[in-house]
Amino acid sequence: MLMLCAVVSACGVPLGGKTASRLQGVIVDQQLNEISGLTASGRHANVFWVIDDGGNAAQLYAINRYGTRVATYTIDGVNKTDWEDIDQYTINGRHYLVIADTGDNGALRKTLQLHVIEEPAALSNSRLQPTRSIAFRFPDGPHDTEAMTVDIAYRQVLLITKKRKPPILFSVSLDPDAPKVQTAKRLGDVIGVPSASKADLKARPRLAPYDHQVTAASISPNGNTMAVLTYRYVLLYTRKGKEKWSRAVSRDPLVRVLPVIPQAEAMGYTADGKSVFVTGEFSVAPLYRIPVPQ
């Protein structure tokens, strides 16, 4: 672990001058070399659910807070195209996971899917089936979308486009009236996503042009803040009272600079809401705990 800190130069990196990230663990499992989504378990303490990118089997993985895989679940009854994010929610005492099959690098997909799975009670290798799948399309044509989170207060799924400047926030009903293809609702632009400066472009010419691209999202357990991940930043949008997310993301966020994480694409809040865990689509992948205000 100390050697990895030296390689990425990121242990204890100041974030906004007030807090510091912590290298919580290292994911060395070669089966987890393309992690694209992460969320804390609603049922199991100190457990996180992760998924991997397109081109891999339709599987869900449980890892502990140090990045060690503790269980693998094969998801039956779905066609995996490009899984990009995962979130969890609890309703009526039951815990669910939502997997976003929304990746679209070529902007060619006419419909996308969200798979809702009841979170398993036991951490053991097994097979699962979705309780339902939600099909939807965007109202203005295809978007590559890697960021998804569940807003249980409004019974909706929020999605943020990856490549557009500024990104667009969309919503899809978590409980559609009929099993037909929904049309996502455009809620507005996501303001304040930093683009690379001239100094960044000079210092990191290969990576800096992608700093603004949105790769994950997560709403805090208390429902007040939405964390948005890019390849370079964690952006924190806080609601005022009960205002809608469309209003919250129209203001500049609190910006936290990430430690060096190769292809930072997976992020989720801890159960207590005091931190987010972040990792990347890479092997070996550092797993960071980043303190955030509640």
- Item | Residues located in the range 87-100, provided they are surrounded by 20 or more Cβ atoms within 10 Å (Cβ to Cβ) and polar (S, T, N, Q) | GLN88
- Item | Close pairs from the range 241-262: first charged (D, E, K, R), partner open to solvent by 40 Å² or more (accessible area, probe 1.4 Å), Cβ under 6 Å, at least 6 apart | ARG256/GLY16
- Give me a count of the residues in the range 73-104 that are without any contact (Cβ under 8 Å) to a residue 24 or more places away in the chain and in a loop (DSSP other than H, G, I, E, B). 3
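Just one of LYS198, LYS180 is surrounded by fewer than 22 Cβ atoms within 10 Å (Cβ to Cβ), in contact (Cβ under 8 Å) with a residue 12 or more places away in the chain and either out of contact with any helix residue (DSSP H, G or I) (no Cβ under 9 Å at 6 or more places or on another chain) or of a type in the set (Phe, Trp, Tyr) (or both); which is it? It would help to see each step written out before you state the result.
Details: LYS198 fails: in contact (Cβ under 8 Å) with a residue 12 or more places away in the chain.
Just one listed residue meets the conditions, LYS180.
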- Task: Please name all residue pairs, on different chains or six or more residues apart, with Cβ atoms under 8 Å, provided the first residue is in the range 16-41 and is over 23 Å from ASP101 (Cα atoms) and modelled with pLDDT under 90 and the second residue is among the basic types (Lys, Arg) and buried (at least 18 other Cβ atoms within 10 Å of the Cβ).
- Result: GLY16/ARG256; THR19/ARG256
- For residues that are surrounded by 16 or more Cβ atoms within 10 Å (Cβ to Cβ) and not hydrophobic (A, V, I, L, M, F, W, C), scanning just the range 152-162, find the one that is nearest to LEU229 (Cα to Cα). LYS162
- Task: Run THR68 past the list (1) closer than 20 Å to THR270 by Cβ; (2) crowded, with 22+ Cβ neighbours inside 10 Å and report the number of the one that doesn't hold.
- Result: (2)
- Query: Can you tell me which residues in the range 42-64 are at pLDDT below 95 and either among the hydrophobic types (A, V, I, L, M, F, W, C) or touching a Gly at 6+ places or on another chain (Cβ under 8 Å) (or both)?
  - Reply: ASP53, GLY54, ALA57
- Message: Looking only at the range 106-130, count every residue that is of a type in the set (D, E, K, R) and part of a loop (DSSP other than H, G, I, E, B) and tell me the total.
- Response: 3
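Would you pick out the residues in the range 72-129 that are of a type in the set (Ser, Thr, Tyr) and within 18 Å of ILE160 (Cα to Cα)?
Within the range 72-129, THR102, THR111 qualify.
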- Message: Among the residues in the range 101-111, are any modelled with pLDDT under 95, within 18 Å of the chain's Cα centre (by Cα) and open to solvent by 30 Å² or more (accessible area, probe 1.4 Å)?
- Response: yes
- Item | Condition broken by MET148, with the remaining ones in (1) at positive phi; (2) not charged (D, E, K, R); (3) not in a loop (DSSP other than H, G, I, E, B) satisfied | (1)
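For the range 186-195: of the residues being in a loop (DSSP other than H, G, I, E, B) and modelled with pLDDT of 95 or more, which is most open to solvent (accessible area, probe 1.4 Å)? It would help to see each step written out before you state the result.
To start, the set of residues in the range 186-195 that are in a loop (DSSP other than H, G, I, E, B) comprises 190-195.
Restricting the remaining residues to those that are modelled with pLDDT of 95 or more gives 190-194.
Numbers: VAL190: 1, ILE191: 59, GLY192: 29, VAL193: 29, PRO194: 32 Å².
The extreme case among them is ILE191.
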- Item | The listed residue being open to solvent by 50 Å² or more (accessible area, probe 1.4 Å), at pLDDT 95 or above and outside any loop (DSSP other than H, G, I, E, B), out of SER171, SER133, SER218 | SER133
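With the range 249-294 as the region, which strands (runs of 3 or more DSSP E) entirely inside it contain at least 2 residues that are closer than 14 Å to THR225 by Cα? Steps first, please.
Values: elements: 254-257, 264-269, 275-280, 285-291.
Passing ranges, in order: 254-257, 264-269, 275-280.
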- Scan the range 245-261 and give yes if some residue there is hydrophobic (A, V, I, L, M, F, W, C), open to solvent by 50 Å² or more (accessible area, probe 1.4 Å) and within 13 Å of LEU169 (Cα to Cα), otherwise no. no
- Count - residues of the range 82-97 that are more than 12 Å from LEU159 (Cα to Cα) and either touching a Ser or Thr at 6+ places or on another chain (Cβ under 9 Å) or not β-branched (Val, Ile, Thr) (or both): 10
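Quick one: is LEU235 closer than 24 Å to ILE63 by Cβ and either surrounded by 22 or more Cβ atoms within 10 Å (Cβ to Cβ) or among the acidic types (Asp, Glu) (or both)? Spell out how you get there, then give the answer.
Details: closer than 24 Å to ILE63 by Cβ: no; either surrounded by 22 or more Cβ atoms within 10 Å (Cβ to Cβ) or among the acidic types (Asp, Glu) (or both): yes.
Against the criterion (closer than 24 Å to ILE63 by Cβ and either surrounded by 22 or more Cβ atoms within 10 Å (Cβ to Cβ) or among the acidic types (Asp, Glu) (or both)), LEU235 does not qualify.
The values are calculated or read from the model by the stated rules, or taken from the named source; none is laboratory data. As the structure is a computational prediction, the values presented were derived from the model and not from experiment. Note that we place each Cβ from the backbone using ideal geometry, even for glycine, and neighbour counts take in every protein chain shown. Surface areas here come from the heavy atoms of the whole protein model, side chains and all, with no ligands, DNA or RNA. Shrake-Rupley method; radii C 1.70, N 1.55, O 1.52, S 1.80 Å.
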